[in-house]
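A.B. asks: There's a structure below that I have some questions on.
A short reminder: the numbers here are calculations on the coordinates, not readings from a lab. These figures come from a predicted structure and were not determined experimentally. We place every Cβ from the backbone using ideal geometry, glycine too, and count neighbours over all the protein chains shown.
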Amino acid sequence: MARPTAAGTADTLANDARPTAVIYTHSLLERSMTFIRSHAEALTRYRPVYAGAHRVPGLELPPDRAIAVNEGGFRGQLAEILFRRFGSAGTAAERLRRFRPTVLHAHFGLSGPSGLTLADALDTPLIVTYHGQDATITDDEARRSWRGREYLRGRARVMERAAIVIAVSDFIRSRLVAKGYPANKIVTHYNGIDLEFFRRGSQVREPVVLFVGRFVEKKGCEYLIRALAELQRSGIAARGVLVGDGPLRPALERLAAETGARVEFAGFLPLPDVKDWLARASVVAVPSVTASNGDSEGLPTVILEAQAMGTPVVATRHAGNAEGVIEGRTALVVGERDVRALSDAIRFFIDDAKLVERFGAAGRAFVEARFGIATQARGLEDLYDQARARKA
C-alpha cells in the first residue's frame, strides 16, 4: 500500500468537501476486518480516512486515504513506540490534518488509548467501538499481553474522555457497564450488511454446513466437528466447510480425522468466494462459546450475512448471537457446547429443503428490515454529529 503523496492528498481535498471521519485501528487492515472497511466506505455525509499504528498484509485501502504511524524501518518502529507508549502522534497527525478531520472513530477497545492520543493531537472527539473480546476478557487475561497492558493503562482515560462508546450488541453494552464505563455514553449500534452484494443468485443448495471465522476457542469449532461426526454416524449426508484459519487449525484437523467427520478446511477466502459458499450451503453454523479467558462474541457478522443470502442459521445461545436472528423463524438456537442439540438442529435443515427456503426467506426479510448497511452507516454518521456537538 503506497503512502499518500502530497499531490494525491491535495486532489482528494479539492474534490471532497465532506467532513472527515478518521477510522482508526492498530493494524491497517487485517483480512478479518472487512466490516470496518465496508462501513467506512458506506458513509455518505462523511469522508473516511484510515489511520493505524502500523500496516499489515491484508485488505486493500485507498492509498490516498490511509496513513500509518509506522511506515516501516527503524524510524517507523520508533515512531510507533513513541505513539503507543508515550503518546506522541508525530508526523502521522500532521499528515492527517491535511484532511481537516472532525471526528476519530477507533475500532476495538484495545485501540482506544492510542485512538485518544491521535484524537487529542487532531483536536477531535473520540468514538470507540467495542466488538467482543475487548469488552469480555478479564483484566488478568489482558495483562498477559503487551497490547492488553497498553489498554489497561489507558482505559480510565478512554472512559472519561470518549464522547461516545459504541457496543455492537446489547450483550457487549452490558459487559461495558459492568466494567465501569459510563452508561450514558454507551449506545448499541449493530453492524450492517451490504444487501446488494449479499443477495442470493442461482446457486444450487448442497448438503453443506458452513462455518466462517477464525479458529480460536470462542468460535466453538470443536463442537461443530463433533456434531458433524454424529451426523456422519447417523448416515446423514452432510459435510462441513470451514472457511478461515487460526491457531487451533492443527488441533481441529486432528479432531476431524479422529472422529470421522466430513470436513473441508478451506482457509481464508476472498469475500466473493465466501458469498458463494453462503449461497450453496443448506445451513450456516455459529457454535460460539465463552472461552476459558472470558472471551466472547459481540454479534458475528456472518449471522447477518447468512440471512441476507437467504440461508438459515444454527447458533448457540451465546453473547449477542440471539440479537441477530429471530429464533424459530430465521434460525435455531441451542446451548453452548451441546453437541447433540447442535447436531439435531443442523439435521433439521439438511433433511428438509422446504424448511431451508422458508427460514431463508424470513431471514432475508429480517436483515432487510434491520441491518442494511446504508441504514447503519447513516446511524454512524448521526453519532459522529452528536460527538462533534458535544465537543462544541
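A.B. asks: How large is ³J(HN,Hα), in whole Hz, for each residue of region 373-388 in order, when computed from phi with the Karplus curve 6.51 cos²θ - 1.76 cosθ + 1.60 and θ = phi - 60°, using x for Gly and Pro?
C.D. replies: Values per residue, Gly and Pro as x: 5, 5, 5, 5, 5, 4, x, 4, 5, 4, 5, 4, 4, 4, 4, 5 Hz.
A.B. asks: Something else: Pull up all non-local amide H partners of residue 317: gap of 5 or more, or a different chain, and H-to-H distance under 5 Å with H placed in the peptide plane.
C.D. replies: Hits under the 5 Å cutoff: 334, 335, 336.
A.B. asks: Next question, about the same structure. So how far apart, in nm, are the two label points at residue 147 and residue 385 if each is 7 Å from Cα heading toward Cβ?
C.D. replies: The modelled label-to-label distance comes out at 3.4 nm.
A.B. asks: So between residue 94 and residue 139, what do we pick up on full extension, going 0.36 nm a residue minus the alpha carbon distance?
C.D. replies: Between residue 94 and residue 139, full extension yields an extra 12.8 nm.
A.B. asks: What is the Cα centroid distance between region 280-349 and region 234-264, reported in whole angstrom?
C.D. replies: Centre-to-centre (Cα) distance: 17 Å.
A.B. asks: Take the alpha carbon gyration tensor of region 208-370, find the square roots of its eigenvalues, order them as a ≥ b ≥ c, and report rounded if a/c is under 1.5; if not, report prolate when a/b exceeds b/c, else oblate.
C.D. replies: Here region 208-370 falls in the rounded category.
A.B. asks: Restricting to DSSP H runs of at least four residues, report the calculated mean residue ellipticity at 222 nm for the chain, -39500 (n - 2.57) per run over all residues, nearest 500 deg cm²/dmol.
C.D. replies: Only helices count here, giving -13500 deg cm²/dmol.
A.B. asks: Taking the Cα-to-Cβ direction at residue 369 and at residue 254 and moving 7 Å from each Cα, how far apart do the two end points lie in nm?
C.D. replies: Spacing of the two 7 Å Cα→Cβ label points: 4.7 nm.
A.B. asks: Return the tail of the calculated pair distribution for region 245-332, meaning the percent of Cα-Cα pairs more than 20 Å apart.
C.D. replies: Details: 1729 of 3828 pairs.
That fraction is 45 percent.
A.B. asks: Same structure again: Collect residues whose amide H, placed 1.01 Å from N in the peptide plane, falls under 5 Å from the amide H of residue 188; neighbours closer than 5 in sequence don't count.
C.D. replies: Hits under the 5 Å cutoff: 167.
A.B. asks: Residue-wise, which Karplus ³J(HN,Hα) couplings in Hz belong to region 32-46, taking 6.51 cos²θ - 1.76 cosθ + 1.60, θ = phi - 60°, and x for glycine or proline?
C.D. replies: Here the 3J(HN,Hα) series is 7, 9, 4, 5, 5, 5, 5, 5, 5, 6, 8, 5, 10, 8, 10 Hz.
A.B. asks: Would you give the gap between the C-alpha center of region 34-108 and the C-alpha center of region 130-154, rounded to a whole Å?
C.D. replies: Their Cα centres are 21 Å away from one another.
A.B. asks: Stretched out fully, how many nm does the piece from residue 329 to residue 178 gain, at 0.36 nm a residue minus the Cα gap?
C.D. replies: Residue separation times 0.36 nm, minus the Cα-Cα distance, leaves 51.2 nm.
A.B. asks: Let me ask something else about it. Could you tell me which trypsin sites (Lys or Arg not before Pro) in region 118-156 are loop residues by DSSP with no more than 13 other beta carbons within 10 angstrom of their beta carbon?
C.D. replies: The qualifying sites are 143, 144.
A.B. asks: Mind checking which lysines have their Cα closer than 30 Å to the Cα of residue 219? Skip sequence neighbours fewer than 8 apart in that chain.
C.D. replies: 179, 185, 275, 354
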